[in-house]
Amino acid sequence: MSGAFFRVEGLTKRFGGLTAVNDVSFELRRDQIVGLIGPNGAGKTTLLRLVTKILKPDAGRIVFEGEDITALKPWDVVNRGICGTFQNMRPFRHLPIVANVMVPLNSPRAKSRGEWVKRMEAKAMDALEFVGISDMALEPASALSQGDLKRLEVARAIATEPELLLLDEPLGGLNPAESALLARSIKRLHKGGRFGRLHAEGPAVLMIEHKLKELMSIVDRVIVVDRGEVIADGAPDQVVTDARVIEAYLGSEHAAAAAALPE
Ligand SMILES: Nc1ncnc2c1ncn2[C@@H]1O[C@H](COP(=O)(O)OP(=O)(O)O)[C@@H](O)[C@H]1O
Ligand SMILES: [Mg+2]
């Protein structure tokens, strides 16, 4: 068995006659921040949902720190140190924002570190500070705008101090200044910057993002998917000049998808 930190092998997911993720394999390193891009409908969100176990693959394996985690439940995956954000946020709308961040901290992983409510709350506050909405901590989640809901999602994921952080369009709904700020914060978190009580050691990051300028400025590597398949994988400057990537984004069949790309 290879010693990769994380890898997927032959991952496949079908929805009826549609193969949304088709025989996808790649490895991630602990020390990398990796972008996952591709036209709308390429299968990016489905891929992340397979890793977080929201969806069950039809074929393939997911291996984390040498262990096959393909059959685990979502909660067990979080408990191992993999946490993601969802493209569609569903917070507990009536709970205070800070309580929303504390929910995923009520885990054996957090408890085994001797943490309980006060420290959970302190960590949740640090996570809200990280995304820039700590001033709203005691308001109900229903008070948040779409962009701020996105930030709540990111806060919930990073508060669990994952080894592998999966982000699905974390900059969606943020204005350019907010996007640049959050992108830089994600980079700093990855580099091992401390945020209050969070993270001495930064997580590996796999991040879907349509805002390519912000994404390319912080990633070490980009994986490009189109129609469920990996079509390129490499350094940002290599990938953006790759003929298959340009074709996927701009090719006539995808013109509508390319035009529909947000931002
Ligand atoms: N739960 C689902 N049921 C049926 N089809 C789905 C479901 N989720 C995604 N799909 C389809 O799978 C394809 C990939 O979707 P998705 O992973 O959301 O793409 P992306 O995130 O790259 O835009 C799309 O054609 C989408 O319509
Ligand atoms: Mg998506």
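Nothing in this text is a laboratory measurement; each read-out follows from the coordinates by a stated rule. Model, not experiment: these values are computed from the prediction. Virtual Cβ from ideal backbone geometry, glycine too; neighbours counted across all protein chains shown.
State the antiparallel share, in %, of DSSP beta bridges confined to the chain, rounding to the nearest 5.
55 percent
As a check on your grasp of the helix formula, calculate [θ] at 222 nm for the chain: sum -39500 (n - 2.57) over DSSP H runs of n ≥ 4, divide by the residue count, round to the nearest 500.
Mean residue ellipticity at 222 nm (helix-derived): -10000 deg cm²/dmol.
Near the amide H of Gly35, under 5 Å away, which other amide H atoms are found, from residues 5 or more places off or on another chain, if H is placed in the peptide plane?
Those qualifying (amide H under 5 Å, at least 5 residues apart or on another chain) are Met207, Asp220, Arg221, Val222, Ile223.
May I ask you to evaluate 6.51 cos²θ - 1.76 cosθ + 1.60, the Karplus curve with θ = phi - 60°, for each residue of the stretch 170-187 and list the ³J(HN,Hα) values in order in whole Hz, giving x for glycine and proline?
Values per residue, Gly and Pro as x: x, 8, x, x, 8, 6, x, 5, 5, 4, 4, 5, 5, 4, 5, 5, 4, 4 Hz.
Spelling out what I want: for every residue of the stretch 57-65, take phi, set θ = phi - 60°, compute 6.51 cos²θ - 1.76 cosθ + 1.60 (Karplus), and round to whole Hz; glycine and proline get x.
In residue order, the calculated couplings are x, 7, 7, x, 10, 10, 10, 10, 6 Hz.
Taking neighbour Cβ counts within 10 Å as the exposure measure, how do His210, His94 sort from fewest upward?
Fewest to most other Cβ atoms nearby, the residues stand as His94, His210.
Scan around Glu229 for amide H atoms under 5 Å from its own, H built in the peptide plane at 1.01 Å from N, and keep only partners 5 or more places away or cross-chain.
Under 5 Å from the amide H of Glu229 lie the amide H atoms of Asn22, each far enough along the sequence or on another chain.
Which pairs, out of Lys150/Lys211; Lys13/Lys56; Lys13/Lys53; Lys44/Lys187; Lys150/Lys187, put more than 19 Å between their alpha-carbon atoms?
From the list (Lys150/Lys211; Lys13/Lys56; Lys13/Lys53; Lys44/Lys187; Lys150/Lys187), the Cα-Cα distance tops 19 Å for Lys44/Lys187.
By how many nm would the segment from Asn175 to Ser145 lengthen if fully extended, with 0.36 nm per residue of separation less the alpha-carbon distance?
Full-extension gain reported as 9.6 nm.
Could you give the length gained on full extension between Lys56 and Asp31, defined as 0.36 nm per residue of separation minus the Cα-Cα distance, in nm?
Working: separation 25, 0.36 × 25 = 9.00 nm, distance 2.74 nm.
Residue separation times 0.36 nm, minus the Cα-Cα distance, leaves 6.3 nm.
Would you mind getting me the FRET efficiency between Asp220 and Ile246? Use the beta-carbon distance for r and R0 = 22 Å, nearest 0.05.
So, using R0 = 22 Å, E works out to roughly 0.55.
Checking the cross-link filter: which aspartates and glutamates have an alpha carbon closer than 18 Å to that of Lys213, excluding same-chain neighbours under 8 positions apart?
Asp168, Glu169, Glu178, Asp233, Asp237, Asp242, Glu263
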